[in-house]
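Here is the structure we will look at, set down as structure tokens.
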Amino acid sequence: MCPSRVAEGEERGWIVPIGGAEDKEMRRRILKRFVQLCGGRDADIAIIPTASRLPDTGQRYEELFNRLEAGRARSIGFASREDGQRDDYLRQLETATGVFFTGGNQLRISTIIGGTPAAKLIRERNARGVHVGGTSAGASILSDHMIAFGKEGSSPRAGSVRLAPGLGLTNRFIIDQHFRQRDRLGRLVAALAFNPFPIGIGLDEDTAAFIRPDNVLEVEGSGTITVVDADGLEFSSMAEVAQDQPVCLLGLKVHILVAGATFDLRTRRASPGTLVDDKN
């Protein structure tokens with residue numbers, strides 16, 4: 001699966017993975033910025049609560065976006081693979097200025113929506129300027145490779161992570177969420193040990209990566225984003241160790257970013273961004 005090609009003269013929409021447990025009651029910086037990005041009072045946000053088994057998840061996010069004065073926020077109840085080709089659901093995606101995946105279990109999204117006309121349409125719409133975000137499981141699904149599940153812990157082990165195909169908006173990064181709160185450094189690094197090409201992005205709770213069309217990541221929220229870059233990997237023992245053994249990795253580069261900092265996914269360069277200006 002490859003990201004949809006951006007037509008000449010057009011610009012890809014933003015991609016906004018959120019680490020889960022985003023502030024919904026106080027400042028609501030992340031959700032407010034997503035609504036503004038999608039058009040504010042002119043926004044038309046399609047909410048996909050498929051990852052959640054709770055019946056009121058879609059309605060709750062409708063209310064959240066409405067309180068933030070989005071023009072329209074409607075939940076689409078994809079519950080089976082047949083729903084992924086329903087004309088009325090596809091029409092909602094066609095008119096949306098933003099698509100938002102809620103949290104839950106990312107495998108529910110991939111097994112119900114993956115490979116359907118709805119998944120293809122979301123990729124195409126993102127390539128034509130529609131912004132796509134998601135929280136927790138809804139963040140994991142956005143990339144080409146997705147962490148399906150794994151074990152907690154700071155040390156990478158060969159069997160500490162299982163990967164599955166994601167939605168495929170981009171192949172530049174792989175996401176892990178609830179990062180610091182659930183001690184997930186080991187499984188993110190293990191995922192990169194399988195294939196060092198993507199950037200590893202570990203999202204703390206109430207923290208989001210607003211990824212611009214030019215592939216520059218901007219940090220928003222109250223926590224940190226841990227960026228793990230394996231491009232300079234010099235040695236990996238992943239192919240030699242048993243499932244329960246730790247993996248030796250040499251040459252990793254790690255950045256810890258807070259709100260205002262940026263990371264360029266093309267050049268793999270981090271910047272303090274607005275943090276420097278704030279100090280002057």
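The values are calculated or read from the model by the stated rules, or taken from the named source; none is laboratory data. Treat the numbers as computed from the prediction; the structure is a model and nothing was measured. All Cβ positions, glycine included, derive from the backbone under ideal geometry; neighbour counts span all protein chains shown. Accessible surface areas use protein heavy atoms only, side chains included; no ligands, DNA or RNA. Shrake-Rupley method; radii C 1.70, N 1.55, O 1.52, S 1.80 Å.
Observations
- Search result, residues across the range 68-85 that are part of a helix (DSSP H, G or I) and surrounded by 15 or more Cβ atoms within 10 Å (Cβ to Cβ): Asp83, Gly84
- One residue stands out in the range 40-63 among those that are open to solvent by less than 10 Å² (accessible area, probe 1.4 Å) and in contact with a helix residue (DSSP H, G or I) (Cβ under 8 Å, 6 or more places away or on another chain): the one that is farthest from Ser136 (Cα to Cα), namely Ala43.
- Where a residue in the range 53-81 is over 23 Å from Gly114 (Cα atoms) and of a type outside the set (Lys, Arg) and its partner, wherever it lies, is assigned to a loop (DSSP other than H, G, I, E, B) and open to solvent by 90 Å² or more (accessible area, probe 1.4 Å), with Cβ under 7 Å and at least six apart: none
- Criterion: among the aliphatic types (A, V, I, L, M) and either surrounded by fewer than 17 Cβ atoms within 10 Å (Cβ to Cβ) or more than 18 Å from Arg53 (Cα to Cα) (or both) - qualifying residue of Ala137, Ala119: Ala119
- Of the strands (runs of 3 or more DSSP E) lying entirely inside the range 214-264, those containing at least 1 residues that are surrounded by fewer than 16 Cβ atoms within 10 Å (Cβ to Cβ) and not β-branched (Val, Ile, Thr) are 253-257, 262-264.
- Pairs, first without any contact (Cβ under 8 Å) to a residue 12 or more places away in the chain in the range 179-204, second open to solvent by 10 Å² or more (accessible area, probe 1.4 Å), C-beta under 6 Å, six or more apart: none
- Asn171, sole failed condition from (1) surrounded by fewer than 20 Cβ atoms within 10 Å (Cβ to Cβ); (2) out of contact with any Ser or Thr (no Cβ under 8 Å at 6 or more places or on another chain): (2)
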